Amino acid sequence: MEHNASLQLTTPGSRYSVRQRTGLALIGVGVLGLLVMLVGDGSLNPAFTMGVAMAGFLLGSGLLFADLLQQAPGVNNNGVWFSGATARGMAGWIMAIVFTGFYIILYWTPSNLEQLVRGTDALSAALRGRPSDQWFLYGLFYTLAILIMGARMLIKYRDNKYQIFRTISVMFFQLGLAFILPSLLLLLNEPEFYFSYFWPLKYDYLWPSTFSSLTQGPGLGIFLLFWTAVMTFVATPILTFFYGKRWYCSWVCGCGGLAETAGDPFRHLSDKSTKAWKVERWMVHSVLVFV
């Protein structure tokens, strides 16, 4: 019978240790908890179910990453082309469909996430002083993904100072400046402002309506405008001239932070050709002109 590796969910011939199996089981509990909240009738306590799910992901990931300490640090791509998740196999396609579907629901039918949102009400009340919404839920998931996979990066590249500092940087900016600080500003009745986002990523910060709302708002409005102007017209051009776009995309930006952490196991799938690099340059500069 012909062997088709693309239909396998696991690495052919793999043997998982007890610790790895326990970690996978805990992650399975986390996935199950989210599914129950997504399709359930709400009879279970949302906060408790969300807590169990998050604990499953955190503890399970910790057990899986602990095995990296038994391996030599640095780049280790053994088996990546034989794994269903990292070789465009069945597991990879399932992940792609799940993530794409989540974004579709998030933007177009957020009411379907109601139970998941309610599961984060307690945390939202503590940080923002108000009930949760789909964007707080998304920010929480996004931040946890960077923190969890960032921990993996720190373990895997523990002998590389550049990787360590860069990973700590993106974890700090996502957790501190893109999640906690904007929430605390809302708690203090200040504008919800993301200090790590500015033009061109946050192009609406330069819109007249944004200027008006900040100047008419309480307290920090003028400072936030000053921060936006300095980062857009002074800091960004200077830093980009000396270090290229990596100073932001790889060290500060939440998008790059997710790519540098959660995207690390999939680096080999990206196109490394000169043609791809040229296409990227045209796309980047076209977007800059547009915004």
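The values are calculated or read from the model by the stated rules, or taken from the named source; none is laboratory data. Every value quoted in this text rests on a predicted model; they were computed, and no experiment measured them. No Cβ is skipped: glycine too gets one built from the backbone with ideal geometry, and neighbour counts run over all protein chains shown.
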Pull up the stretch 156-211, narrow it to residues that are modelled with pLDDT of 90 or more and among the basic types (Lys, Arg), then point me to the one that is nearest to Arg246 (Cα to Cα).
Arg166
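Is one or more of the residues making up the stretch 154-168 free of Cβ contacts under 8 Å to residues at least 24 places away in the same chain and basic (Lys, Arg)?
Within the stretch 154-168, one or more residues are free of Cβ contacts under 8 Å to residues at least 24 places away in the same chain and basic (Lys, Arg).
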